[in-house]
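Heads up: the structure comes next, in structure tokens.
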Amino acid sequence: MQNVHVDGASGHCEGVDLGALGLREETPLHVYSAGAIRERVRGLQSALAGLDAQVCYAVKANSNQAILRLMADAGVGADIVSGGELWRSLQAGIPADRIVFSGVGKSAGEIVQGLEAGVARFNVESRAELDLLQEIATARGEVVRASVRINPDVDALTHAKISTGKSENKFGVSIDEARSWFDAAAQRPAVRLDGLHMHIGSQILQLAPIRQALQRLAGFWRELVAAGHEVASIDVGGGLGVRYREGEQALDAADYVAEIREALAGFEGRILLEPGRYLVAEAGLLLTRVVRTKHGEDRNFLMVDAAMNDLLRPSLYDAWHDIELVAAAPEDAGRPRVTYDVVGPVCETGDTFAVGRELPECRAGDLLAIRCTGAYGASMSSTYNSRPLAAEVLVDEGRYAVIRRRQSFEEMVMGEQVAASWRNA
């Protein structure tokens, strides 16, 4: 996907000239390829053919309304973790019956919001949440469908901060506890507990942990059915990784689905999948312009106008993103290679996109593309250092549309006010 639609080195994305785009819309600028997203969605849906399956996009990866509309148009649902994500999904046209509500800390208000919208089901992560769901649904005179998120205690072999399926993580409950929930289901008549859910982590590049987790999930499903319990839905989660650097490769959709088919052979209910990064990461890049170079005693610093508030992953996870000089002029083809630390203007040493990265010699005004930023880029951005949120554009077949305009200073402080009206609590 990455090379077909998004190629900073060639200076184009879906036929749109990135140099011209950077001049017109300024930088830093998030750019997404609609074609690349559609291609990844179609590939996964094609692999699922013949199964009663629903892809529910993990909204946290990129929650822009235009991206969610692409998902809605493709028949994709939503995996949400907050009331705000529910609101965004509904506004973008994703039907409530294609929305599953996940998350470890749902508030009572968010549960009511989900019930009022009519979401397909809640993925429940603790006994306290299950009891609260029972209480709220009873008060409303409703019966709500729910799935228990089990923690299969499987190491996803990914970064510790995005691992979610080990017993030490805060997510889900043990199979033993989940079993007790099903056995005591009659005590919670307002909650129809008829589903299983798991999600072991993010940026998974190997099938082995997925296979292990699926086998544990499938074994529990069969045990429940043998005990007379109904299991109408099995949610296998998401976490499929993408190519951030040379040597990495996104899992093939057909290979991934083959593991699901084998583990859940004979299951007659609905299978849910929650990919996020897999659908959008490689479809995006962050355009940034070189501000200046600085030659220290030990290192060469390449200072750009994007910062950690625009793309947090390198600072948060020491994450790697390929960085390319965008379409240098032919006469610049012979630029020598220089090793840089690529840094932003924020007053934190952690505001660093790359350390010891070799690039063509760069000059002030050069345009760079930071690759694979379609997921957890803009969605994790902030206004730290009072830097307004960057603009976002969607490119599609030689044209582009601004899908979030660059934030003004006035918009950045909207909602703030001096302490003029004092009250007693």
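The values are calculated or read from the model by the stated rules, or taken from the named source; none is laboratory data. As the structure is a computational prediction, the values presented were derived from the model and not from experiment. With ideal geometry, Cβ positions are generated from the backbone for all residues, glycine too; neighbour counts draw on all protein chains shown.
Taking the criterion of being part of a strand (DSSP E or B) and closer than 19 Å to Gly276 by Cβ, would at least one residue in region 57-64 satisfy it? Within region 57-64, one or more residues are part of a strand (DSSP E or B) and closer than 19 Å to Gly276 by Cβ. Based on what the data block shows, is Glu411 of a type outside the set (Lys, Arg), surrounded by fewer than 22 Cβ atoms within 10 Å (Cβ to Cβ) and in contact with a Gly (Cβ under 9 Å, 6 or more places away or on another chain)? Judged against the criteria, Glu411 is not a match. Only one of the listed residues (Leu311, Leu302) is assigned to a strand (DSSP E or B) and more than 30 Å from Gln215 (Cβ to Cβ). That residue is Leu302. Residues of region 85-135 that are closer than 24 Å to Ile200 by Cα, aliphatic (A, V, I, L, M) and assigned to a loop (DSSP other than H, G, I, E, B): Val104, Val119, Ala120. With respect to the conditions (1) closer than 15 Å to Arg289 by Cα; (2) surrounded by fewer than 19 Cβ atoms within 10 Å (Cβ to Cβ); (3) of a type in the set (Gly, Ala, Ser), Gly398 lacks only one, and its number is (1). I'd like to check something: does region 222-237 contain any residue that is assigned by TED's automatic domain parsing to the domain that holds Val124, within 28 Å of the chain's Cα centre (by Cα) and more than 18 Å from Val76 (Cα to Cα)? Taking every residue of region 222-237 in turn, at least one turns out to be assigned by TED's automatic domain parsing to the domain that holds Val124, within 28 Å of the chain's Cα centre (by Cα) and more than 18 Å from Val76 (Cα to Cα). Regarding region 342-356, can at least one residue be identified that is outside any helix (DSSP H, G or I), over 22 Å from Tyr244 (Cβ atoms), in contact (Cβ under 8 Å) with a residue 60 or more places away in the chain and outside the structural domain of Asn62 (by TED's automatic domain parsing)? No, region 342-356 contains no residue that is outside any helix (DSSP H, G or I), over 22 Å from Tyr244 (Cβ atoms), in contact (Cβ under 8 Å) with a residue 60 or more places away in the chain and outside the structural domain of Asn62 (by TED's automatic domain parsing).
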